[in-house]
Amino acid sequence: MTVGLVLVSHSAKLAEGLAELAAQMAPDVAIVPAGGLEDGSIGTDYDEVVAAAQRADSGDGVVLLYDLGSAQMTAELAVESMPNPSTALVADAPLVEGAVAAAVAAQGGVSVSDVAGAAAAAGAPPDFDELPEADGDLVVELRLRNDVGLHARPAALLARSIADLDAEVSVRLGDQEADAHSVLALMSLGARQDDRIVVRARGAQAADAVAKVKSLVEGNFGE
Amino acid sequence: MGCGAEGVTKAVLAAAGVVAEHRTELIELDRAIGDADHGENMNRGFTVVVAALADAAPATPGEVLKIAAKTLISKVGGAAGPLYGTAFLRAATKAADQSEVDVQGAVELLRAALEGVQARGKAEVGDATIVDALTPAVAAAEAAAAQEGADLAAVLTAAADAADRGAESTVDLVPRKGRASYLGERAVGHMDPGARSTALILRAFAEAAR
């Protein structure tokens, strides 16, 4: 079971396209677009947003993302109208980056507030240099052989693979280091085919984390 | 002396009437600074409110306001839907199941509506929004209600007068909320359509109370 997402947009096409994009990175997450008015014109439809929130919520809660001002208000009203408003959150985040980050977080099986937090953090600059070096860190250098490097889908796979592990993990390319739990930070590294990345992990399940990342990289992320 | 479900229904129907009458004016105000849909959206929403009230025959002021709120949220669209919907919803909640709204009660409903709009839209006085009309209206209603022998008509007229002046004041403001804020300085010289519709609705309430 995972937290569901609702994408509230003034445009049906925007919401649908973004749902399609985010679903690429989070196959098990219910991502429900709620864009446009009933007649297909531009606007936000309160009843549709309420229905979308009900559909997206499998019992683990739902996070709503929005594009512009009145979509935020419609989303907030929809949350207030829910039988149990505490299971739903409106994330204050850039829509596209927020939806991708939230989808990946949700796929990792985290809570409503953590999914909303992942969306909100997507608006901040990527958190490079997250993990100061310390003795006992597991470090492994890996060469990316897959065609697209650490682009969206592989970055999402990597972040997801370690989401539920008790480990701090970072990925370094050159002098930039990204928190491996953040798909957007990973993408910001711009690691391409044949680049060498350094994966560093610490914590109770550091070895598992390194093994998972290694297996993804060596398996070319399933490409 | 108070105002029951019938009186509040009459006031909401009067609001629907004034919105229909000023539909084109609101469209033109919105055309200057937004997407020209405020008049159309408000008219569509209030038209459905009229039908919903006729169907439901609500028994208390709170029920009347709640029906209006739900309908406006669903049917108005744009930012005005959630904002006016919240205003009516908060007023409905404040009215609870009381059978009548008296002078003091009316002031409390107006204040609840204002607080709802502010909570929803996060706007303050000076941002060129509904709040610029509604805030002085609530203050004026409070002052009028404190006068000896004040009746509903006097309180609502004071509110409508203040809302008119508040709406007028948005002409000189640089909008900081809503779509007009994207225009910045270029929006100066135009009255905010939401402030105008608020003033119109409060005037309709005042006329209905006479």
Given N residues in region B:1-120, what is Rg(Cα) / (2.2 N^0.38 Å)?
1.04
Quick one: accessible area per residue over region B:116-210, 1.4 Å probe, rounded to a whole number of Å²?
42 Å²
Stokes-Einstein at 37 °C, 0.692 mPa s, Kirkwood radius from Cα pairs: D for region A:141-184 in µm² s⁻¹?
296 µm²/s
Over its Cα atoms, what ratio of radius of gyration to 2.2 N^0.38 Å does chain B give?
0.94
Could you please put A:S182, A:S9 in sequence from largest to smallest accessible area, using a 1.4 Å probe?
A:S182, A:S9
Sequence of A:T87, B:T93 from largest to smallest accessible area, 1.4 Å probe:
B:T93, A:T87
Considering the dipole of the protein assembly as shown built from charges on the beta carbon (Lys and Arg +1, Asp and Glu -1) around the Cα centre, which of A:V32, A:L65, B:M42 is farthest to its positive end?
B:M42
In a solvent-free Debye calculation with one equal scatterer on each Cα, what is log10 I(q)/I(0) for region B:81-128 at q = 0.15, 0.32 Å⁻¹, listed in the order of the q values?
-0.39, -1.12
On the first, second and third principal axes, largest extent first, how far apart are the outermost C-alpha atoms of chain A in Å?
55, 32, 27
Put simply, what bits of region A:65-100 lose 50 Å² or more of accessible area when the other protein chains are there, versus the chain on its own (1.4 Å probe)?
A:M73, A:L77
Dipole magnitude (debye, nearest 20) for the protein assembly as shown, charges at Cβ of Lys, Arg, Asp, Glu
500 debye
Give me the dipole magnitude in Debye, nearest 20, for region B:53-153 about the Cα centre, with unit charges on the beta carbon: positive for Lys and Arg, negative for Asp and Glu.
540 debye
At a 10 angstrom cut-off on C-beta neighbours, averaged per residue, how do the peptides B:121-129, B:144-152, B:158-166 rank from highest to lowest?
B:158-166, B:121-129, B:144-152
When ligands, DNA and RNA are left out and all protein chains stay put, how many square angstrom of accessible area per residue does chain A have with a 1.4 Å probe?
44 Å²
Could you state the orientation-averaged shadow area of the convex hull built on the Cα atoms of region B:95-210, in nm² to one decimal?
7.1 nm²
Taking region A:135-223 on its own, what percent of its Cα-Cα pair distances exceed 20 Å?
21 percent
When every alpha-carbon pair in the protein assembly as shown is counted, what percent end up more than 39 Å apart?
34 percent
Hey, quick one: spin label on B:A59, modelled 7 Å out along Cα-Cβ, who in region B:1-36 has an amide N within reach, i.e. under 14 Å?
B:5-6
Where does chain B land at 222 nm, in deg cm²/dmol rounded to the nearest 500, when only DSSP H runs of n ≥ 4 count, each adding -39500 (n - 2.57), divided by all residues?
-23500 deg cm²/dmol
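The values are calculated or read from the model by the stated rules, or taken from the named source; none is laboratory data. Just so we're clear, the structure is a prediction, and the values are computed from it rather than from any experiment. So basically every Cβ, Gly included, is an ideal-geometry build from the backbone, and we count neighbours across all protein chains shown. What goes into the accessible areas is simple: the full protein's heavy atoms, side chains included, and nothing from ligands, DNA or RNA. Shrake-Rupley method; radii C 1.70, N 1.55, O 1.52, S 1.80 Å.
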